[in-house]
Every structure is written in C-alpha cells, then in structure tokens.
Amino acid sequence: MAPSGRVAGLSARRSEAWTKAINHRFVNELFTGQLGDTQLAHYIIQDNQFFVPFLELLGEALVHADTMEAKLVFGRQLGMICSEESGWFEATFDELGVSQTDRAHPHLSEPTRSFETLMREAVGTHHYPTVLVLLVVAEGLYLDWGSRTQAPEPGADLPNKFLEWVDLHRGEKFHTWVQFLVDELERASDQADIAELTRFWDTAVDLELAFFDDVPFPFEGWTSSSKR
C-alpha cells in the first residue's frame, strides 16, 4: 500500500500494530503450510462473519461514490467477493469439516463482534470517507501481508486452503484495487473529516491485530507435528 497526504498521516498512527499484524504468527504459518487445522478453522469461521457487513460496506461505497468510474470499480469488486472469495470459504469449510451451524451461527469472539459493530457503524454514517477508511485498513493490511517477500510463490506446492488465500490478497489486480481505495480516500476526504477518520482507522487497525491474536495457538515451543 502506498499512502500519501492524509492517508499517510493516518497510517503512521498505528504503524506498530500494523507491522505486528502483517508479520503475525498466523501469517507466517499460513505461508509455510504449518498452520494447524484448528487454527485455520477458528480463523475462517470468525472471518466468515464479516462477509455480509463487508458487502454492506462495499454497497454503501458504491451508493455514495461521486464518480461513475468509482461506482464501476466497487461493482466489480462486489462480484469478485461473491464468487472467488466466497468459493474459497466454502471449499475450505468442506475440507475442514466445519458444521453448517459454525458456518452460519458461530459463537463470536470479542474481536469479531467488535469489528462487525465497527463496520456497521461506518455503514450507518452514510459518509463515503468513513466507509473508505475501513476498506483501506481491511484490504490494505491484507495486501501488505500477502505481498511480503516470505510469501510462497504462485503455484507453490502448498494445499489450496493456504495458497489460494494468499493469492487472493496479492498480485496486480488486488494491488490496483487497494491503491484505488487509498486514492479515493485521499481525494474524497478533507481536514474536517480527520477526527472521525482517525477514530475509525485506529480502531480498525487495533482490531485487525486482535483478530489474529485471537487465533488459539498452542504455547511457543511446540513442534509443528504436536500442533496438529
């Protein structure tokens, strides 16, 4: 992600938490294929609960975008989320044997509940820059971990449950999408918005890190074989 201006200022405020999130143990073990099924199942069960709120964020952005070009970009992204990303979730749920109850009505962790509340609050503002802030954090942070030099090469010998999730968050298309969000936030916001944008940005970054921290890893020192 290449922020500038106000977006760079927002980014600098939570740079430490952002760096911790993109270098998290969850990401590292995803890259190497060492992530246990228990950890992956917990992650995707919780992450799946953001599907509808995230669609609502995109829909709100589409409604309030003030150019036809931007509306078309949001429309295309809605289509991608409903096909490629949704397909990965369903395939991985099936592979891990996740029940229909846990897919649709799981117990929500505190980070999940808080992030869902924040997303719905942003939608409720009907304020384009506020919606964009959450999209920039959610997509930009994932681009940054997906683009790490330690990430597996495309086509690497890793199970699809790992490799496709990485592939969905890197590459030219995803980079272009995230840069579009950054540029839109820079263009559409002004200094009068900064207090609200700062609150949403800071909270979202902290919750992204808390979401990774919530994955139930065994204590450090176990071998990968003992985690499975």
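When residues of the stretch 194-210 are filtered for being surrounded by 18 or more Cβ atoms within 10 Å (Cβ to Cβ) and more than 13 Å from the chain's Cα centre (by Cα), how many remain? Within the stretch 194-210, residues that are surrounded by 18 or more Cβ atoms within 10 Å (Cβ to Cβ) and more than 13 Å from the chain's Cα centre (by Cα) number 4. Scanning the stretch 79-103 for residues that are surrounded by fewer than 15 Cβ atoms within 10 Å (Cβ to Cβ), modelled with pLDDT of 95 or more and assigned to a helix (DSSP H, G or I) yields Glu90, Ala91, Asp94, Glu95, Gln100, Thr101.
For the stretch 33-90, name all the residues that are of a type in the set (Gly, Ala, Ser) and either free of Cβ contacts under 8 Å to residues at least 24 places away in the same chain or within 20 Å of Phe174 (Cα to Cα) (or both).
Gly59, Ala61, Ala65, Ala70, Gly75, Gly79, Ser83, Ser86, Gly87
Applying the set (1) over 20 Å from Gln46 (Cβ atoms); (2) in contact with a Leu (Cβ under 6 Å, 6 or more places away or on another chain) to Glu208 leaves exactly one unmet item: (1).
Listed by first and then second residue, the pairs with beta-carbon distance under 7 Å, at least 6 apart or on different chains, first residue in the stretch 121-150 and more than 17 Å from Glu172 (Cα to Cα), second of a type outside the set (Asp, Glu) and outside any helix (DSSP H, G or I), are Tyr128/Ala65; Pro129/Ser189.
Here are Asp37, Asp102, Asp94, Asp66: which of them is touching a Phe, Trp or Tyr at 6+ places or on another chain (Cβ under 8 Å), on the phi < 0 side of the Ramachandran plot and among the acidic types (Asp, Glu)?
Just a single option satisfies the conditions, and that option is Asp66.
Of everything in the stretch 190-227 that is at pLDDT 95 or above and of a type in the set (Gly, Ala, Ser), the residue that is farthest from Ala65 (Cα to Cα) is Ala210.
The values are calculated or read from the model by the stated rules, or taken from the named source; none is laboratory data. Here the structure is a predicted model, which means the values were calculated and not measured. Here the Cβ is made from the backbone with ideal geometry for all residues, glycine too, and neighbour counts use every protein chain on show.
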